[in-house]
Amino acid sequence: MTARSASASATPRRSNAVLAAFSGPCLPLAAFGVALPVTLPEFYATFVGLELGVVAAVFMAVRLIDILFDPFIGWGMDRTRTRFGRYRPWMALSTPMLMLAAYMMFVVVQPGAPPVYLFGWLLFLYLGFSIGTLGQLGWAAVLAPQYDQRSRVYGWWQVFNIIGVVLILVLPTVVVQTGLGNYADGVRIMGWAIVIALPLTIGLAMVAVPEPVTAGGQPHGSLSAYLSLFRKPVVRKLLLSDLLLGVAPGITGSLLFFFFGQIRGYDHTQAGLFMLFYFVAGLCGAPFWAWFATRVGKDRGLAVASVVSAVLYVGATLVPGGNFVLTAVVMFIAGLPYAAGLFLTRAMMADAGDEERFETGVDRTGLMLSILSATTKIGHVVALIPYLILQGVGFRALPGPAGNSDAALLTLQVLFIAVPGVLLVLAGAVLKNYPLTAKRHDEIRLALEARDAGAKA
């Protein structure tokens, strides 16, 4: 029996129905994922009336504070022991927090709301969002511990993330196109959709999906133990790659409406459709990249996807304006590798968690996933810097009769086209000589399973 087949026999292959129920909470959580970096900054700048620089400063400040939450949340999850599991209670806790935050930030906010309103509720939202997403990521790691099956679980997770993104992006457009209201009304309906979906999807997951108990000692909370994780080559490569992969689409999302509106001449609805096509393509491409990763390894699969994404993205953004159909097609093509970075980095960090437990006897999966989450958030913070750059060159979100200067528009194009392309290429290059291969992970899983069996005997 090979290492891989022996490992695979230890844990049953999860059914598609179980994985669908597990992935269901991704629908509302992904809605937050697109709303926080894309919809809300532009919504609060355009419709609530806050200055673009103020919105950027508030989002950056909150993200920096939120980053500090993640290690404590991950540490708390690693220490949690209940009859309901380690991660599910945390997801349950996040549900009412996110429902209230969505209601306050999307539904009841009015034009003229002060920056402190945005700061307070955004901070509360991010706390609930961190708890919910980290709980689900940790749950995924124990749901299928094998190398290839873990890719499958996180692949399902990412597919539902993209479905959630697509559904939430469609809502404002549907509202506008059907005459039900304006874009601001669409954003409020977006909030109601999130409020309703959260308890339904998380409740179903709680009932339908098991949470296996993993062995491993209780993690201790010393600073040295925490910092020791950053000395691991696997962790460092993953964090740097994930940082680059977070900044690139973050810049794209934050500037998309400005670029397609003021550079290519499309209206708000058309720009939203381009984003929609991009994410739909990510949904279509996710199964391929999951399959590709099982053939060449997650690290090589992610490296290839990153470089391909860079080439396709730059090509798509260089298409001149005036041809909606052509732009929609190339944006769809550019989005095909989108999903790979998101689910493969999570699956790879879960694998690194197995290596950490093998070497130390301590399960720090929650903490390690929280570090990865923090890195992603740092990427989103960095992705807001273009707002400050644009304000520095005199760019206006709503140009007056004279419009924006040539220098401001050129700066927008460089930030939107060139910077993400370079970052995506670098994300792939970072993964060269990645040490935790499929063969090495299979050996680790066999050793862990033998150790766990001996401990139970």
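Computed from Cα positions, the angle between helix 233-262 and the longest principal axis of the chain comes to roughly 20 degrees. For the chain, the 222 nm mean residue ellipticity estimated from helices alone, with every DSSP H stretch of n ≥ 4 adding -39500 (n - 2.57) and the total spread over all residues, rounds to -25500 deg cm²/dmol.
Please report, in whole Å³, the volume per residue of the convex hull around the C-alpha atoms of segment 382-457.
141
By the count of neighbouring beta-carbon atoms within 10 Å, fewest first, Met91, Met331 end up ordered Met91, Met331. Only aspartates and glutamates eight or more places from Lys377 in sequence, or on another chain, were considered; those with a Cα closer than 17 Å are Asp66, Asp70, Asp242. Please label the shape of the chain as rounded, prolate or oblate, based on the square roots a ≥ b ≥ c of the eigenvalues of the alpha-carbon gyration tensor (a/c under 1.5 means rounded; beyond that, a/b larger than b/c means prolate, else oblate). Prolate shape, in that a/c is at least 1.5 and a/b is the bigger ratio.
In what sequence do Val311, Val325, Val109 fall when counting other Cβ within 10 Å, fewest first?
Val325, Val311, Val109
The C-alpha atoms of the chain define a longest principal axis, and helix 338-360 lies at about 30 degrees to it. According to the Cα-based calculation, Rg over Rh for segment 236-332 is 1.02, with Rh computed by the Kirkwood formula.
Pairing the Cα long axis of helix 147-177 with the longest principal axis of the chain, what angle in degrees results, from 0 to 90 and rounded to the nearest 10? Roughly 20 degrees between the two axes. Going from the fewest other Cβ atoms within 10 Å to the most, the residues Cys26, Cys284 appear in the order Cys284, Cys26. When Rg and Dmax are taken over the Cα atoms of segment 168-207, they come to 12.5, 39 Å.
For Ile65 and Glu359, the difference between the fully extended length at 0.36 nm per residue and the C-alpha to C-alpha distance is 102.7 nm. Amide H to amide H, with H built 1.01 Å from N, Val362 comes under 5 Å of Gly217, counting only residues 5 or more places away or on other chains. Using C-alpha pairs under 8 Å with a sequence gap of at least 6, the mean separation divided by the residue count of the chain gives a relative contact order of 26 percent.
Just so you know, the Rg over Rh for segment 146-194 is 1.27, from Cα atoms, with Rh as the Kirkwood radius.
Every number here is computed from the coordinates shown, using simple stated rules; none is lab data. All figures in this text were calculated on a predicted structure; none of them were measured in a lab. All Cβ positions, even for glycine, are placed from backbone atoms using ideal geometry, and neighbour counts span all protein chains on display.
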